[in-house]
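One structure is given below, encoded as structure tokens.
The values are calculated or read from the model by the stated rules, or taken from the named source; none is laboratory data. It should be emphasised that the depicted structure is a prediction, and the values quoted were computed from it without experimental measurement. Cβ: placed from backbone, ideal geometry, glycine included. Neighbour counts: every protein chain shown.
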Amino acid sequence: MAFGNWTIRAGRPLPLGATIDSRGVNFAVFSRNAKSVQLVLFENESHGAKRHSVNLSDKQHRTGDIWHCHIEGLKEGALYIYRADGLYHPEQGFRFNVNLALLDPYAKALSGIFKWDFSRATAYNPDDPSFDLSYNYNDNIDSSPRCVVIDDSFDWQGDRPLNYPLRFSVLYETHVRGLTMHESSKVEHPGTYRGLVEKIPYFKELGVTGIELLPIHEFNENELWRINPRTGKRLKNYWGYSTVSFFAPKQSYASDKSLGAQVREFKEMVRELHKAGLEIILDVVFNHSAEGNERGPTFNFRGLDNQIYYILNENKRYYQNYSGCGNTLNCNNPIMRNFIIECLRYWVVEMHVDGFRFDLGSILGRNQNGDLMENPPMLEMIAEDPVLRNTKIIAEAWDAGGAYQVGSFPGGRWAEWNDRYRDDTRRYWRNDPSAARHLATRLSGSADLYLRDGRKPFHSINFITSHDGFTMRDLVSYNGKHNEENGEENRDGGDSNWSYNYGFEGSTANPVIEQTREQQMKNFFCTLMISQGTPMILGGDEFGRTQNGNNNAYCQDNSISWFDWRFLDEKQGLFRFVKEMISFRKRHLGFMRPEFYTGKGGAYNAPPDISWFDDEGEPINWEKENSPFALRVDGTKADILADRDDRDFYIMFNAGLKEIKFTVPKAYETQIWKRVVDTSLPSPDDILPLYMRPEFPPVASSYRVRPRSVVILVSER
């Protein structure tokens, strides 16, 4: 059928977005306050392409606040945008501009976004000194990205989300582009969804159960104008926490650049991960959008109904900024609540993802005035939604507006990134005063945070490092951040890193310092894998990836952030240790308990499920400064849900600078202790996966624990 030769009918108000049926495509978009809405269709992707405009009649094409039409003869791959006309009174919260191309908030794919200059997509005239109080009469439709009509059909080959219980999970946080972009990755499709698929054998060897991806929704990678002072090159938005389109996977992460191919490639990636037994968790950014503050661009929410979608100041010209990124989405407005729920359902039902990590999740608990709510309907809806019931939901339980809710995040079954775990573990291994008793709490599952509201140990997402901060190698190599290449004179990024360089700032050829650093990295990984809670690893830490001391590499789309896989050859001993520690955890239910320790014994004179000792084998006095300590974990009924036992463990910690002779109590009944882990020993003696081999001698009544090390003993009959 010739372009523009269609039959246009009234259509349906639901579902929102562009929906294909047997006769054509139904379009539906929300705008309560627009006076008129226009659908614009394009013949192709090129600038200046032939286009056809459909004026949506207020009488025929509007139901309530939804504008809609059905176009017979239109097919998959059709390109479209909207225009909306209405009041332009920023002080009253209205920012309609009929000259601007608006993206469908429900668009499932975009085309041409990486070429777009967002800085010119403003409802105001950027050359007028009154800025957003002026009006932009320039038409940007030819240069704007276009929405792509997508057919949801796909051969999933029987695939479904895996939905592993959270307590059995080991998560691996990574970046689609950064994982394989470096030439050392040796993949056929670097920096893409297919490149990640090529790394599946590596993930399987490592032993993780789920891949947590930094944002893969369409975002504006060219929003930064700062220059790298060392290279002179323009910096980019690399991490992706600046969402343009919440339903659309990022086009530039697809190896196939044809229309809509990013949707198919993303689904292929998910399908192949699931075949390999790997879950996929998406980092989602529902706290703000890439439209920024009052001087930002207008490309969807702002141009469709600004005061519905955003939390505005008392002077509605300005935006409340609890995100630190210029605006805050109005998450507890009913329209926005529906949008978020429908978006999450789409990614679970149509894209088969297994879970979500919510960036600055506390914003989802703010009301339309910006106040934190006691029982936020948005958070409860996500937790209780029947479609999402088995989906993992993980909160970053704070925001940039002062909210901090770690341990008290509302909404029921939410898991949380536990930054208290991160900081207390770092302080202990740095040998800070009074750090031992805090580490003991974190090892036990952070009951001080999660027990009181009925949550479980696995609701604590334990991590030492994440994308936001030092890598683990940098954590033990730098006393301070080195973010000069971000172009902000090293003012950006956190200063409370609890790091230590062990005698030299940065990389060094000193073998003593390097050995100490690697031993500390093993200590971190060992601690992480024996802690109650759900462990998360920052990708690349398992082989000592470095960012050269940059603890805020959000703008570094280059070798600073990309995985240099040559370190895998250099750090084979570290990689082996991490791999074996993951395997050790997964073999032992004692480290994946469904309930908190009680410190009490069970029936039939069973010993306490956990006991704490000093180096002499006596009950520990936590008030002693920097005391070495040990814990004894009883494996009886380690998994009470399945009525299954595990072995017993005796674990000794020494963060100090002197060797400590620990008294080792007798194992129960007819058992003996055998050493599995000693992080002070060189590879492969640092961890012995075949610890039951006959030639391995039992541990006597004492064990010398060297400085800065942890030792794990396991009971054996």
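For the range 80-92, the set of residues classified as in contact (Cβ under 8 Å) with a residue 40 or more places away in the chain and surrounded by fewer than 20 Cβ atoms within 10 Å (Cβ to Cβ) consists of D85, L87, Y88, E91, Q92, listed by residue number. Screening the range 132-227 for helices (runs of 4 or more DSSP H) wholly inside it with 1 or more residues that are over 18 Å from the mean Cα position of the chain (by Cα) and small (G, A, S) returns the ranges 193-198. Filtering the range 86-119 to residues that are in a loop (DSSP other than H, G, I, E, B), among the hydrophobic types (A, V, I, L, M, F, W, C) and more than 30 Å from E314 (Cβ to Cβ) leaves A101, A107, A109, W116. State yes or no: is G232 in the same structural domain as E342 (by TED's automatic domain parsing), modelled with pLDDT of 95 or more and surrounded by fewer than 17 Cβ atoms within 10 Å (Cβ to Cβ)? Considered against the rule, which asks whether it is in the same structural domain as E342 (by TED's automatic domain parsing), modelled with pLDDT of 95 or more and surrounded by fewer than 17 Cβ atoms within 10 Å (Cβ to Cβ), G232 comes out as yes. Inside the range 535-569, residues that are in contact with a helix residue (DSSP H, G or I) (Cβ under 7 Å, 6 or more places away or on another chain), within 18 Å of G240 (Cβ to Cβ) and of a type in the set (S, T, Y) make up a count of 1. State whether one or more residues within the range 107-119 are under 20 Å from G292 (Cα atoms), hydroxyl-bearing (S, T, Y), outside the structural domain of C555 (by TED's automatic domain parsing) and touching a residue at least 60 places away in the same chain (Cβ under 8 Å). Checked against the condition, which is being under 20 Å from G292 (Cα atoms), hydroxyl-bearing (S, T, Y), outside the structural domain of C555 (by TED's automatic domain parsing) and touching a residue at least 60 places away in the same chain (Cβ under 8 Å), the range 107-119 yields at least one hit.
Within the range 419-436, is even one residue outside any helix (DSSP H, G or I), among the β-branched types (V, I, T) and at pLDDT 95 or above? Checking the range 419-436: not a single residue is outside any helix (DSSP H, G or I), among the β-branched types (V, I, T) and at pLDDT 95 or above. Is it the case that the range 567-586 has a residue that's at pLDDT 95 or above, closer than 27 Å to P698 by Cβ and in a loop (DSSP other than H, G, I, E, B)? Scanning the range 567-586 turns up no residue that is at pLDDT 95 or above, closer than 27 Å to P698 by Cβ and in a loop (DSSP other than H, G, I, E, B). Would it be correct to say that D564 is surrounded by 16 or more Cβ atoms within 10 Å (Cβ to Cβ), more than 23 Å from M529 (Cβ to Cβ) and of a type in the set (D, E, K, R)? Yes: the conditions hold for D564.
The residues on offer are M472, M536, M529, and the sole one that is surrounded by 17 or more Cβ atoms within 10 Å (Cβ to Cβ) and more than 20 Å from F653 (Cα to Cα) is M536.
Within the span defined as the range 477-486, every residue fails to be outside any helix (DSSP H, G or I) and in contact with a Phe, Trp or Tyr (Cβ under 6 Å, 6 or more places away or on another chain). Look at (1) touching a Leu at 6+ places or on another chain (Cβ under 6 Å); (2) within 16 Å of H467 (Cβ to Cβ) and you find that S531 fails only one, number (2). Just one residue in the set G240, G296 is among the small types (G, A, S), assigned by TED's automatic domain parsing to the domain that holds A397, in contact (Cβ under 8 Å) with a residue 24 or more places away in the chain and closer than 23 Å to E396 by Cα; that residue is G240. Selection of the range 611-663 for residues being under 16 Å from G599 (Cβ atoms), at pLDDT 95 or above and of a type in the set (S, T, N, Q) yields only S611.
Taking the conditions (1) part of a loop (DSSP other than H, G, I, E, B); (2) touching a Pro at 6+ places or on another chain (Cβ under 6 Å) in turn, E374 satisfies each one other than (2). Looking across the range 36-75, the residues that are closer than 28 Å to N338 by Cα, assigned to a loop (DSSP other than H, G, I, E, B), within 39 Å of the chain's Cα centre (by Cα) and not aliphatic (A, V, I, L, M) come down to G64, D65, K75. Consider the range 585-594. How many of its residues are more than 25 Å from the chain's Cα centre (by Cα) and within 16 Å of Y650 (Cα to Cα)? Selection size over the range 585-594: 3. Take R337 and decide whether it is of a type outside the set (F, W, Y), assigned to a helix (DSSP H, G or I), under 17 Å from F246 (Cβ atoms) and touching a residue at least 12 places away in the same chain (Cβ under 8 Å). Yes: the conditions hold for R337. Evaluation of P386 against the conditions (1) touching a helix residue (DSSP H, G or I) at 6+ places or on another chain (Cβ under 9 Å); (2) over 30 Å from Y135 (Cβ atoms); (3) in a loop (DSSP other than H, G, I, E, B) shows that the sole unmet condition is (1). Out of the residues in the range 664-684 that are within 21 Å of E580 (Cβ to Cβ) and of a type in the set (D, E, K, R), which is modelled with the highest pLDDT? Among those residues, the one meeting the criterion is D678.
The residues on offer are R644, R704, and the sole one that is touching an Asp or Glu at 6+ places or on another chain (Cβ under 6 Å), surrounded by fewer than 15 Cβ atoms within 10 Å (Cβ to Cβ) and without any contact (Cβ under 8 Å) to a residue 60 or more places away in the chain is R704.
Every condition in (1) farther than 20 Å from T298 by Cβ; (2) surrounded by 15 or more Cβ atoms within 10 Å (Cβ to Cβ) is met by K75 except one, and the failing one is (2).
Of the residues E505, E485, the single one that is exposed (fewer than 15 other Cβ atoms within 10 Å of the Cβ), among the acidic types (D, E) and at pLDDT 95 or above is E505. Number of residues in the range 663-685 that are under 17 Å from C526 (Cα atoms) and hydroxyl-bearing (S, T, Y): the value is 3. In the set G326, G296, G355, only one residue is more than 29 Å from L133 (Cβ to Cβ) and in contact with a Gly (Cβ under 8 Å, 6 or more places away or on another chain); that residue is G355.
Set side by side, the residues E570, E580 differ, and just one is buried (at least 21 other Cβ atoms within 10 Å of the Cβ) and either of a type in the set (G, A, S) or within 30 Å of L179 (Cα to Cα) (or both), which is E580.
One line per residue, one yes/no per condition, for (1) surrounded by fewer than 18 Cβ atoms within 10 Å (Cβ to Cβ); (2) in contact with an Asp or Glu (Cβ under 9 Å, 6 or more places away or on another chain):
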residue	(1), (2)
A107	no, yes
R120	yes, no
S144	no, no
F154	yes, yes
G158	yes, no
P165	yes, no
H175	no, no
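Out of curiosity, is G493 among the small types (G, A, S), part of a loop (DSSP other than H, G, I, E, B) and more than 17 Å from Q532 (Cα to Cα)? Here the answer is yes, as G493 does meet what is asked. In the range 276-314, which residue that is of a type in the set (A, V, I, L, M) and in a loop (DSSP other than H, G, I, E, B) is nearest to the chain's Cα centre (by Cα)? Taking the candidates together, the pick is V285.
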